[in-house]
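Inspection log for the structure reproduced underneath, given as structure tokens.
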């Protein structure tokens, strides 16, 4: 075999092998890119459905999943504060154990039904907002600030007892 034929056959073999490996590398890069795009899109859709997707829709208004979650957390917080107050009253002796157990059981029933209560409250709020818009009713800033102040503060309940000793001076 001539030298040029041998070089030519080696070059052809190298070219065919290199071409296939380049195609393989390109195919892997495309597969990795598609996997990355799929992962990003699934992550984005998951975040959207957990936060921005409408949970309750009434007419043209809706409440998102994150707003419903916040309403649920707020309701659960209110119920836990009420339970702590009941337990504090039992510890202070101003409430009997039987009455406290009944009230705590009522609170636990409310916690069990919190999803239904939040959903119905959200539907009611959307209906009220829709009717208010239709009739041109709006709230003043003072009313909103007063409602926010009442909502964001918890009144303190303290039991104060005074021990007094009548002082009688010794003669």
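What follows draws every value from the coordinates through simple rules; no lab data is involved. Everything numeric in this text was worked out from a predicted model, so none of it was measured. Neighbour counts are summed over all protein chains in view; Cβ atoms, including those assigned to glycine, are modelled from backbone coordinates with ideal geometry.
Values computed for the structure shown
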item	result
Cα-based convex hull volume of segment 96-148 per residue, rounded to whole Å³	110 Å³
Column: log10 I(q)/I(0), Debye, Cα scatterers of segment 1-51, q = 0.18, 0.29 Å⁻¹	-0.70, -0.96
Among 79, 52, 23, residue whose mean-square fluctuation peaks in a GNM of the chain (springs only between Cα atoms under 10 Å)	23
Ordering of 118-130, 92-104 by packing [mean C-beta count within 10 Å, highest first]	118-130, 92-104
The chain: relative contact order in percent, alpha carbon pairs under 8 Å with at least 6 residues between	17 percent
Size descriptor, Kirkwood hydrodynamic radius, that averages inverse alpha-carbon separations across segment 18-171, Å	21.8 Å
Overall Cα dimensions of segment 54-139, principal axis frame, Å, largest first	52, 25, 16
Crossing angle, helix 3-51 versus the chain [Cα axis fit, 0-90 degrees, rounded to tens]	20 degrees
Two-site label geometry, residue 64 and residue 116: point separation in nm, points 7 Å out along Cα→Cβ	2.9 nm
Most fluctuating residue given options 69, 61, 135, as computed from a GNM of the chain linking Cα atoms under 10 Å	135
